[in-house]
Amino acid sequence: IDASQCSFTYQGAETLTFTCENLFQKWRIGLTKVDHTNPDVFLPGAVFALYSPVEGDKIDNIPAEYTELAIQETIQNGTETWYLARVGTTGADGALAFEGLLREKYYLLEVKAPAGYALSETPGQTIYRTAAKDGAYALTVENRKRLIDDVFRNEERVEARVYTGLTGEFAETMG
């Protein structure tokens, strides 16, 4: 409680009742997904998993639209065990928000990059409530374009090797 926002005088024979409201009990993580070279280009379709340090927050089932991604329900990061609490996808504006958070920290992991992009160089990070301002933690996550997409021949995937450091891009298909 901020002492500058409240005051009272206590008389010994009185019964005092205090009502308190924790305005920031619940907080949010809001992220914006952008292109690495042009942060004015917002990236839809990135999928993020939000992990809680509390096993009781673990979701019962991964939503059907994410089952092909093989998202892990429990992960180990250092000495901490994290439990999948939520999954979400960035919208057309590159934005995604996880609302109504109760824990002091969460682990945010990018599990699928937007089409044509590679996963972030640092796909996961721990986010602490103490870093939130006015109950909201905002971050921008950048992705680099993939140098080459998977190569398909007659609907069958063919491995591709990418060479960097050359003038332009050069790919040698294998197979």
Val87, Val47, ranked by accessible area, largest first (probe 1.4 Å): Val87, Val47
Full-stretch length increase - Leu69, Ala118 - with 0.36 nm per residue and alpha-carbon distance subtracted: 16.2 nm
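For region 18-137, count the residues as N, evaluate 2.2 N^0.38 Å, and divide the Cα radius of gyration by that value, please.
Details: Rg = 15.1 Å, N = 120, 2.2 N^0.38 = 13.6 Å.
Working it through for region 18-137, the quotient is 1.11.
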Accessible area (Å², 1.4 Å probe, nearest 10) - Arg144: 110 Å²
Amide H contacts of Val141 (H built 1.01 Å from N, under 5 Å, at least 5 apart or other chain): Thr32, Lys33, Val34
Nearest-10 value in Å² for the accessible area of Ile29, using the 1.4 Å probe: 0 Å²
Sequence-distant lysines (8 or more away, or on other chains) whose Cα lies within less than 28 Å of Lys58: Lys26, Lys33, Lys105, Lys112, Lys133
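The values are calculated or read from the model by the stated rules, or taken from the named source; none is laboratory data. Just so it is clear, the structure is predicted and the values come from calculations on it, not from any experiment. Just the protein is used for accessible areas: all its heavy atoms, side chains included, with ligands, DNA and RNA removed. Shrake-Rupley method; radii C 1.70, N 1.55, O 1.52, S 1.80 Å.
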